[in-house]
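Have a look at the structure below before the remarks.
The values are calculated or read from the model by the stated rules, or taken from the named source; none is laboratory data. Worth saying up front: this structure is predicted, and the values here are computed from it rather than measured. Don't worry about glycine lacking a Cβ; one is built from the backbone with ideal geometry, like all the others, and counts go over all protein chains shown. With ligands, DNA and RNA removed, areas are computed over all heavy atoms of the protein, side chains included. Shrake-Rupley method; radii C 1.70, N 1.55, O 1.52, S 1.80 Å.
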Amino acid sequence: MKITIFGTGYVGLVTGTCLADVGHDVMCMDVDTDKIARLKEGEIPIYEPGLESMVKANVATGRLRFTTDPEVAVGFGELQFIAVGTPPDEDGSADLKYVLAVAETIGEYMQEDKVVVDKSTVPVGTADKVLATVQERLDSRGVDLKVEVCSNPEFLKEGAAIEDFTHGARIIVGTDSERVKRLMRECYAPYIRLQEKLMFMDVRAAELTKYAANAMLATKISFMNEIANLAERLGADVEQVRRGIGSDPRIGYHFIYPGCGYGGSCFPKDVQALERTARDIDYDAELLGAVEAVNNRQKQTLFTKLSNAFDGNLKGRTIAVWGLSFKPNTDDMRDAPSRTLMEALWQAGAKVQAYDPEAMRECRRIYGERDDLVLAGDRVQAVKGADALVICTEWKEFRSVDFHWLKEQLAMPVIVDGRNLYDTEAVREAGLMYYAVGRGDSLVV
């Protein structure tokens, strides 16, 4: 099939590359000329394991190409995927200006019938708006062409996006058109040969499914963080509690790891957007508000524990930070707990020595050059001469450490572990003060 993808961000680039990889002819369109130039040279703008080599391979075969020409892009594909950003507006709702701008572009340049696929995460009712926008442009041109719009939400985890696209649990398509069903089945045929996981439903159900899925996962995280805070105050170990409840198949172990809060490009904005949608229809979604409130509070826990360990005086202290991205295997720092921590430390007059395997460039892009931020070359340099260590991200290389060596590096034997990576007994035996999340046998502050 010939497929056009509007947007070469995280969703668009992964989608386009994976579809090209199974034999489709894919054209990715973006208004960012610099990004497109770099993509044509095989340089990708994001870190995602396995993506760069896949992009280069499919560009080399000619199945994956990039353009900044909207007329060429619209003319290329029978399927027109919209995979542009939907950033949160000031009131928390999803901003649809980029989505609707693409819809206008499609209506302006289409010369034959098209199927528009909403891949971006969008509020319920967006497909209707996209259809109306395209149709309005067609009418203004006096052109009688047929356009159909379906919802095909993405379920990609950063750090495992290729695996999720190629071996995901489900492929959801919202449409009541038999023609669209046929074309979407053809599009995804290579991924459903061994398992029928293509699910058709009405458009609004598909749009709501995406938000509901992310809100459910965010709810599990915030709930577990609430339990961790209770465990900490009751003298219980939340890791034992986690194993106890996770063994129940109705609950399971996924997304019940306590920590310093969720971040990234999806959960924060999707919970806010769904809550805003509820307000727009005069429904008070109290649970969604609580999920967000708990998460915002949880992001403060690292600074609170660290401040208490130093009797509230962090001025002039140097704090080592391991992990800047919101999760491992990505360079994404959007709404990351590390940002909440570092900004609080700077406000308190402290200096940060940070290291992350992939997010160093992104950190420098966000904060620029500043005297109170040192980006270290590795984890060893980050802790050298620091007064304390804070762990924000559970990268594999942070999971094992010689605690006796670590104590020698730190001016004060203090570790604040936002991801509960270590055995409390082993840390204590090395003479370190260990402040974890919800560990009844750690030093509670």
Report summary line: Applied in sequence order to the range 12-19, the curve 6.51 cos²θ - 1.76 cosθ + 1.60 (Karplus, θ = phi - 60°) yields integer Hz couplings, x standing for Gly and Pro, of x, 5, 5, 4, x, 5, 5, 5
Report summary line: Among 198, 309, 159, the residue whose Cα sits farthest towards the positive end of the charge dipole of the chain (+1 at Cβ of Lys and Arg, -1 at Cβ of Asp and Glu, taken about the Cα centre) is 309
Report summary line: Each label sits 7 Å from Cα toward the beta-carbon; between residue 423 and residue 56 the label points are separated, in nm, by 4.1
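Using only Cα atoms, what Kirkwood radius does the range 2-201 have, in angstroms? Could the numbers behind the result be given before it?
Numbers: mean 1/r = 0.0589 Å⁻¹.
Evaluated over the range 2-201, this radius sits at 17.0 Å.
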Requested in this report: Mind putting a number on the dipole of the chain about its Cα centre? Charges go on the C-beta only, +1 for Lys and Arg and -1 for Asp and Glu, and I need it in Debye to the nearest 20.
Outcome: 780
Query raised in the report: Residue by residue through the range 370-375, which ³J(HN,Hα) values in whole Hz follow from phi under the Karplus form 6.51 cos²θ - 1.76 cosθ + 1.60 (θ = phi - 60°), with glycine and proline marked x?
Result: 8, 5, 9, 9, 10, 9
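Based on the Kirkwood radius over alpha-carbon pairs, what value in µm²/s does the Stokes-Einstein equation return for the translational diffusion coefficient of the range 346-445 at 37 °C and 0.692 mPa s? Walk me through the numbers on the way to the answer.
Details: Rh = 14.4 Å.
Answer from the Stokes-Einstein relation: 229 µm²/s.
Give the peptides 291-304, 59-72 in descending order of average Cβ contacts within 10 Å, highest first.
On the way: 291-304: 20.3, 59-72: 16.1.
Ranked from most to least packed, the peptides come out as 291-304, 59-72.
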Report summary line: Long-range amide H partners of residue 47, meaning residues 5 or more apart or on another chain whose placed amide H is closer than 5 Å, are 331
Report task. With r as the distance between the Cβ atoms of residue 315 and residue 243 and R0 = 35 Å, compute the FRET efficiency 1/(1 + (r/R0)^6) and round to 0.05. Result -> 0.30
Query raised in the report: Leaving out ligands, DNA and RNA but keeping every protein chain, what accessible area does residue 247 have, in Å² rounded to the nearest 10, with a 1.4 Å probe?
Result: 80
Query raised in the report: Residue-wise, which Karplus ³J(HN,Hα) couplings in Hz belong to the range 281-288, taking 6.51 cos²θ - 1.76 cosθ + 1.60, θ = phi - 60°, and x for glycine or proline?
Result: 10, 6, 10, 8, 7, 4, 4, 4
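What is the sum of charges around residue 287, taking Lys and Arg as +1, Asp and Glu as -1, for the other residues whose C-beta is under 15 Å from the C-beta of residue 287?
Working: positive: 220, 276, 279; negative: 226, 270, 275, 284, 286, 292.
Combined, the nearby Lys, Arg, Asp and Glu give -3.
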Query raised in the report: In terms of modelled amide H atoms, which long-range or inter-chain residues lie less than 5 Å from the amide H of residue 352?
Result: 319, 373, 374
Requested in this report: For the chain, go through all pairs of different Cα atoms, get the mean of 1/r, take its inverse, and jot down that Kirkwood value in Å.
Outcome: 23.6
Query - Accessible area, probe 1.4 Å, largest first, for residues 283, 211 - result: 283, 211
**Report entry** Only Lys, Arg (+1) and Asp, Glu (-1) charged, at Cβ; the range 223-376 dipole about Cα centre in debye
**Finding:** 420
Query raised in the report: Tell me which aspartates and glutamates have Cα within less than 17 Å of residue 114's Cα, excluding those fewer than 8 residues away on the same chain?
Result: 25, 71, 78, 104, 128, 136, 139, 144, 148, 176, 178, 186
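In debye, nearest 20: dipole of the range 76-137 around its Cα centre with unit charges on the Cβ of K, R (+) and D, E (-)?
Details: 5 positive and 12 negative charges, 26 e Å.
That gives the range 76-137 a dipole magnitude of about 120 debye.
DSSP loop (so not H, G, I, E, B), at most 15 other Cβ within 10 Å: list which trypsin sites (Lys or Arg not before Pro) in the range 190-256 pass both filters. List each step's numbers first, then the result.
Numbers: sites: 193, 197, 204, 210, 220, 233, 242, 243, 250; in loops: 193, 197, 250.
Taking the range 190-256 and a limit of 15 other Cβ atoms within 10 Å, the loop trypsin sites (Lys or Arg not before Pro) found are 193, 197, 250.
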